[in-house]
Amino acid sequence: RRAAVERFTPFLPASPSVAAMVATGEFIGRLGRVDTAPEQREVDGITMPFVITCAEPSASAAAVSAWVAANQAEIEAKLAAHGAVLFRGFPLRSAADFDAFVCSFNGWEDLSYEQSMSFAVRKRVANRICTTNEGKSGGLVYHHEQAQTPLWPSKVFFCCEKPAEPGDGGATGLVHSALVLERLRAKHPHFVDLCEREGVRYTIFAGPEQDPTKGAGRSWKSFFHVDTREECEARMARGGWEWEWGVGPRGAKLGPDFLRCVTPRLDAVKTAPGTDRKCFFNQLIATIANALEFSHVGKAGGGVDPLKDVP
């Protein structure tokens with residue numbers, strides 16, 4: 001499944017510290033060899049992602065789970081320091097293998113699709129594993145998962161079962177959001193001040209049924225985990241949402257079971273857990289692409305490629 005952008009800003013080569021770890025053959029436990037990858041970059045002294053290659057590709061899924069359990073503290077430390085960890089060459093050949101790998105991380109509770117507030121239409125393929133997005137085509141723009149809602153995950157896993165054909169993209173783009181905030185502040189200080197002071201609110205349009213032809217096609221029933229309009233209104237009222245029924249983008253008249261709702265005030269800038277470093281934490285960029293899809297609410301189709309279709 002593709003969860004990707006196909007372009008990203010070129011940065012500096014991998015940091016000497018990581019290169020030194022590779023040169024000396026450093027391992028994390030028995031299975032994890034510290035490695036580099038062509039995609040790895042360094043920005044302001046932060047190497048991203050940290051790469052761990054499986055030293056025994058023939059290892060069983062059970063052996064990998066045991067390795068995770070034995071080395072979780074060190075893996076978590078690398079994740080905190082680098083922002084992302086890329087596991088390469090591990091024997092994750094199926095959704096069940098991937099699920100076992102994810103479940104090996106002790107204390108990392110599942111935020112299931114059914115409990116989440118993602119805009120995407122997804123299908124469950126294993127216990128804690130879902131497809132990325134049934135309606136999205138083309139590339140994705142940078143965003144924090146579910147930052148457009150009051151409920152968001154602290155960590156996200158991606159696994160590639162089928163690599164993209166050469167020249168067809170397929171990469172998962174990463175950007176360090178603390179550095180994004182620093183550079184935005186240097187170039188647009190007033191905008192960053194507004195983000196910190198005012199926060200953000202997002203407007204969402206949704207129908208009563210899932211629409212897998214769009215990247216942002218989740219129904220309000222699934223999004224709010226309810227069955228009726230009355231239950232939906234009660235949940236929105238508890239959360240401080242605003243809403244109206246039968247109204248589409250730009251005031252268009254839709255059926256009475258179509259919902260326009262506005263989130264409560266949400267932070268646009270957050271402090272990364274366990275640090276004092278602020279991050280640009282929101283979905284402002286992705287919302288532009290979502291708005292194009294919301295403009296087709298109630299109609300089949302309308303999925304957009306944000307790398308091509310956003311003005």
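For this structure, a couple of remarks:
- Sparse-neighbour loop sites [GluC sites (Glu not before Pro); region 191-274; at most 16 other C-beta within 10 Å; DSSP]: Glu209
- Cross-linked pairs Lys162/Lys214; Lys78/Lys162; Lys253/Lys299: Cα-Cα separations exceed 20 Å for Lys162/Lys214; Lys78/Lys162.
- Efficiency of FRET between Phe27 and Ser60 - r from beta-carbon atoms, R0 25 angstrom, step 0.05: 0.85
- Cα gyration tensor category, rounded, prolate or oblate, for the chain with a/c compared to 1.5: prolate
- Region 172-229: C-alpha gyration tensor shape, a/c 1.5 cut-off, then a/b vs b/c: prolate
- Taking 17 Å as the cut-off, the amide N atoms of region 93-107 that come nearer than this to a point 7 Å along the Cα-to-beta-carbon line of Lys123 belong to 94-96.
- Dividing the summed -39500 (n - 2.57) terms of all DSSP H runs of n ≥ 4 by the residue count of the chain sets its mean residue ellipticity at 222 nm at -8500 deg cm²/dmol.
- Segment Glu242..Asp110, full-extension length gain: 44.7 nm, with 0.36 nm per residue of separation and the alpha-carbon distance subtracted.
- Shape class for region 162-311, computed from the alpha carbon gyration tensor (a ≥ b ≥ c): oblate, with a/c not under 1.5 and a/b at or below b/c.
- Remark: the chain carries 52 Å² of accessible area per residue (probe radius 1.4 Å; ligands, DNA and RNA excluded).
- Taken about its Cα centre, region 27-122 carries a charge dipole of roughly 260 debye when the Cβ of each Lys and Arg holds +1 and the Cβ of each Asp and Glu holds -1.
- Ser219 exposes around 10 Å² of accessible area when a 1.4 Å probe is run over every protein chain in place.
- Environment charge of Trp241, counting only residues whose C-beta is closer than 14 Å and scoring Lys/Arg +1, Asp/Glu -1: +2
The values are calculated or read from the model by the stated rules, or taken from the named source; none is laboratory data. These numbers come from a predicted model, not from an experiment. With ideal geometry, Cβ positions are generated from the backbone for all residues, glycine too; neighbour counts draw on all protein chains shown. Side chains included, ligands, DNA and RNA excluded: accessible areas come from the protein's heavy atoms. Shrake-Rupley method; radii C 1.70, N 1.55, O 1.52, S 1.80 Å.
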